[in-house]
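A quick write-up on the structure given underneath.
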Amino acid sequence: MRDTSPRKVCEQGLTWIKPSFLWMMYRSGWGTKEGQETVLAVEITRDGFDWALRHSCLSHYVRGLHPDRGAWQRDLKRAPARVQWDPERDLHLRPLPHRSLQLGLSGEASERYADEWIVSINDVTPLAREIHAHVTGGDLDAAARLLPQEQGYPAGDELLSHLCP
């Protein structure tokens, strides 16, 4: 039996926090892609998420946000967390014009995540499958009613200024 404790999962590489349910459904194919058949909702502390944001670097170089490409590369190499902004998804998993944050953790951030930040872990695979069944059956209203309630993250400018191109 494989050890899937939070510590063991984090040791296997970069751990990604994907706060958007529909983006996770896009990434996992509604929990049907090989190796992604189980969808977990991991609740973490706000202090932990904020720490990760403060100690993160954008996953790509942005002229004007970074002094130069070399400085960005040094920051990325040192940062225990990285941020990328990916298109949010609709119920058909098509890209929307606005973006969702994806937060990759390594090193110290990954250790803190496993040891300190996790509040709860819930298997939401049945929910993903139920919503997907409504989508494929054409009942988007029923699917939308089942979606987890999500809202913008109330972060001050100082927390995101180094991450928003």
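Couple of notes before you dig in:
- One decimal place: the segment TRP85-GLU116 gains 8.6 nm when fully extended, by the rule 0.36 nm per residue minus the C-alpha distance.
- In the chain, the calculated helix contribution to ellipticity at 222 nm averages -10000 deg cm²/dmol per residue, counting -39,500 (n - 2.57) for every DSSP H run with n ≥ 4.
- Efficiency of FRET between LEU93 and THR38 - r from beta-carbon atoms, R0 22 angstrom, step 0.05: 0.75
- Considering only GluC sites (Glu not before Pro) in DSSP loops that have at most 14 other Cβ atoms within 10 Å, the longest stretch of the chain without any of them is 38-149.
- Exposure proxy order (Cβ contacts within 10 Å, fewest to most) of CYS164, CYS57: CYS164, CYS57
- Estimated dipole of the chain in Debye, rounded to 20 [Cβ of Lys and Arg +1, of Asp and Glu -1, Cα centre]: 580 debye
- Counted by neighbouring Cβ atoms within 10 Å, the residues HIS60, HIS134, HIS98 run from fewest to most as HIS98, HIS60, HIS134.
- Rounded to whole numbers, the Karplus 3J(HN,Hα) couplings from phi for the stretch 95-108 are x, 9, x, 9, 10, 10, 7, 10, 10, x, 10, 8, x, 4 Hz, using 6.51 cos²θ - 1.76 cosθ + 1.60 with θ = phi - 60°, and x at Gly and Pro.
- Label point distance in nm, ARG78-GLN151, each placed 7 Å from Cα along Cα→Cβ: 3.6 nm
- Computed FRET value (nearest 0.05) for ASP123 with ASP68, which takes r as the C-beta separation and R₀ as 35 Å: 0.20
- Long-range amide H partners of ARG89 with built H, under 5 Å: TRP23, LEU96
- 3J(HN,Hα) from dihedral phi, the stretch 34-40, Karplus parametrisation 6.51/-1.76/1.60, rounded to Hz, x for glycine, proline: 4, x, 10, 6, 10, 10, 10
- Proximity of backbone amide H atoms, modeled 1.01 Å from N, is registered between ALA155 and no other residue at under 5 Å, excluding neighbours fewer than 5 places apart on the same chain.
- Ranked for footprinting exposure by Cβ neighbours inside 10 Å, fewest first, ILE44, ILE121 give ILE121, ILE44.
- Lys/Arg +1, Asp/Glu -1 at C-beta; the stretch 36-80 dipole; positive extreme among THR38, PRO67, CYS57: PRO67
- Karplus-derived 3J(HN,Hα), 6.51/-1.76/1.60, for each residue of the stretch 153-165, Hz, glycine and proline x: 7, x, 10, x, 4, 5, 7, 10, 4, 8, 10, 10, x
- Close amide-amide hydrogen proximity is noted between LEU40 and VAL124, each under 5 Å apart and 5 or more residues distant or on a separate chain (H modeled in the peptide plane; Pro and chain starts excluded).
- Between helix 125-136 and the chain: long-axis angle, C-alpha atoms, 0 to 90°, nearest 10: 70 degrees
- The mean sequence separation of alpha-carbon pairs under 8 Å and at least six residues apart, normalised by the residue count of the chain, gives a relative contact order of 32 percent.
All of the numbers you see were taken from the coordinates with simple rules; none came from a lab. Only a predicted model underlies this, so the values are computations on that prediction, with no experimental measurement involved. Every residue, glycine as well, gets a Cβ built from its backbone with ideal geometry; the counts of neighbours run over all protein chains shown.
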